[in-house]
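The structure under discussion appears below in the form of structure tokens.
The values are calculated or read from the model by the stated rules, or taken from the named source; none is laboratory data. Bear in mind the structure is a predicted one, so any value in this text is a computation, not a measurement. When we count neighbours, we look across all protein chains shown, and the Cβ atoms used for this are built from the backbone with ideal geometry, even at glycine. Please note that ligands, DNA and RNA were not included when accessible areas were found on the heavy atoms of the full protein model with its side chains. Shrake-Rupley method; radii C 1.70, N 1.55, O 1.52, S 1.80 Å.
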Amino acid sequence: MIVKNKLIINEMSLEEKASFMSGKDFWTTMNIEKHGIPSMFLADGPHGLRKQAAAADQLGLNASIPSTCFPTSATVANSWDVELAEKLGTYLGKEAAHLKVNVLLGPGTNIKRNPLCGRNFEYFSEDPYLAGKLSAAYVRGIQSIGVSACLKHYAANNQELRRMVVDSIVDERTLREIYLKPFEIGIKEGKLKTIMSSYNMVNGTHANENIHLMRSILRDEWKFNGLVVTDWGGSNDRVKGLIAGNSLEMPTTGGQTNKEIINAVKSGQIEESVLDENLDRLLTLAYDTDQALKN
């Protein structure tokens, strides 16, 4: 892999590099002024931005800055209108830029496989082709403004019950034809910049450290060169996640997992080049989206 930000990365200490692998706080990433590295703000979406004005909380109890309430993904999918979806995404991107949001955490493109799933309203369809086409449209619209969309939750994350520990057991054909197809279409046709890993395990391995999902399919087959971010609190083993290419852990861990990464490099468990590769993707996204917020 070609490291785009090699000059800056070479100036950074191991401790500084590791500090970028998790958030600065609940919604923002690390920044270092002396290296000219800006912080990114990530906000929930995509039915409207949820950027909290004061202290952030996971339940969304504190007040948010007013934003447009768009129709849910479930409603938009009923239109089968790709042009409408892209137009809606464009307005979401404009609001994100206006509110200084670098990454809009959406759309959700998981498959609806049970009507009892508590987040079905966030997802498009039980049909992978329709979900993929609308996902790509949202992504194109949002990213046309210069900010980043974030497809979620990768992958096979189709229930809320015990979502942090459930193991999705799925054969390869079903995985690819149904559960991965919306992500593949969204990535390839939308030129996606960011993707979010899911909480669950897939065939016995947590999604964010699953080499088959994260490297063999996402990176090698689909040629995705963007950033992978965990779902909030969705990291199991930080070093294994890093090896799989899961660059950013959110939210902040207070420096705890930074120490794990530093120790792993010093002990030879991972090469520092693995850290550099993940950092490079994060810096590329930070610089690209920061420019959009300045326009």
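The table for this structure:
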item	result
Cα principal axis extents for segment 254-295, largest first, Å	44, 24, 8
GNM result for the chain, Cα springs below 10 Å: residue of A264, A137, A207 fluctuating most strongly	A264
Contact order relative to length of the chain, as percent, for alpha carbon pairs under 8 angstrom and 6 or more apart	21 percent
Electrostatic dipole magnitude of the chain [Cβ: Lys, Arg +1; Asp, Glu -1; Cα centre; debye, to 20]	360 debye
Ranked packing of 219-225, 107-113, most packed first, by mean Cβ within 10 Å	107-113, 219-225
Environment charge of I211, counting only residues whose C-beta is closer than 11 Å and scoring Lys/Arg +1, Asp/Glu -1	+1
K266/E11 FRET efficiency (R0 22 Å; Cβ-Cβ; nearest 0.05)	0.65
Most to least packed among 144-152, 93-101, 239-247 [average Cβ atoms within 10 Å]	144-152, 239-247, 93-101
Percent RCO, i.e. relative contact order, over segment 108-191, from Cα pairs under 8 Å lying at least 6 residues apart	43 percent
Most to least packed among 32-39, 210-217 [average Cβ atoms within 10 Å]	210-217, 32-39
Per residue solvent-accessible surface (Å²) - the chain, probe of 1.4 Å	43 Å²
Under the Debye formula (equal points on every Cα, no solvent term), log10 I(q)/I(0) of segment 63-132 at q = 0.20 Å⁻¹	-0.89
Apportionment of accessible area to carbon and sulfur, the chain, percent (1.4 Å)	53 percent
Relative counts (whole %) of C-alpha pair distances in segment 1-160, using bins that are 5 Å wide	2, 9, 16, 18, 17, 15, 11, 7, 4, 1, 0
Percentage, to the nearest whole number, of Cα pairs in the chain over 34 Å apart	15 percent
Beta bridges by DSSP in the chain, antiparallel share as percent, to the nearest 5	25 percent
Pairs from K24/K51; K34/K100; K133/K188; K51/K191 whose Cα-Cα separation, in the structure shown, is over 18 Å	K34/K100; K51/K191
Between segment 112-150 and segment 239-254, the Cα center-to-center distance that results, in Å	24 Å
Solvent-accessible surface (1.4 angstrom probe) belonging to M164, in square angstrom, nearest 10	90 Å²
D290, D127, D280, ranked by accessible area, largest first (probe 1.4 Å)	D127, D290, D280
Expected 222 nm ellipticity per residue - DSSP helices of 4 or more, -39500 (n - 2.57), all of the chain, to 500	-10500 deg cm²/dmol
